[in-house]
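Heads up: the structure comes next, in structure tokens.
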Amino acid sequence: MKKKTTAKQNICTPTWLQIAEQIDDSRDQVFRTAVLNLTKIALSCQNYRNNILELLQQTLCSQSSDETRKEYLAKKIAEIENKK
């Protein structure tokens with residue numbers, strides 16, 4: 001997995017963390033794309049799997065009332081857990 005390096009501080013940030021910022025977006029398409037991409041990263045890169053899984057589970061618990069988002073998150077979490 002490639003990491004983005006900022007020129008100012010020379011700090012490496014895993015790409016999945018940048019994608020994770022989009023989970024809170026109010027637009028469903030952005031939310032779904034972020035969750036889908038995080039799921040793909042978790043399935044292909046074991047180093048980040050537990051962190052991504054934890055993030056998705058926290059997001060599932062913190063979602064207020066949108067049942068569609070909860071169902072989508074639960075489906076993707078199950079997909080990752082079945083890979084373990």
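Taking all protein chains together, Leu43, Leu17, Leu53 sort by accessible area into Leu17, Leu43, Leu53, largest first [probe 1.4 Å]. Quick note on the range 29-84: its Rg to Rh ratio, both from C-alpha atoms and Rh being the Kirkwood radius, is 0.95.
Ser62 contributes an accessible area of around 80 Å² to the protein surface, as traced by a 1.4 Å probe with all chains present.
May I ask you to rank Arg32, Arg27 by accessible area, largest first, using a 1.4 Å probe over the protein chains only? Provide the component values of the computation, followed by the final result.
Numbers: Arg32 90, Arg27 140 Å².
The ranking, largest first, comes out as Arg27, Arg32.
Counting only protein heavy atoms, what percent of the accessible surface of the range 12-84 is carbon or sulfur at a 1.4 Å probe? Heavy-atom surface of the range 12-84 belonging to carbon and sulfur, 1.4 Å probe: 44 percent. Remark: spin-label model distance Arg27-Asn47 equals 3.1 nm, labels positioned 7 Å along the Cα→Cβ axis.
The values are calculated or read from the model by the stated rules, or taken from the named source; none is laboratory data. None of these values were measured; they are calculated from a predicted model. Cβ atoms come from the backbone with ideal geometry, glycine included; neighbour counts cover every protein chain shown. In case anyone asks, the SASA skips ligands and DNA or RNA and just uses the protein heavy atoms, side chains included. Shrake-Rupley method; radii C 1.70, N 1.55, O 1.52, S 1.80 Å.
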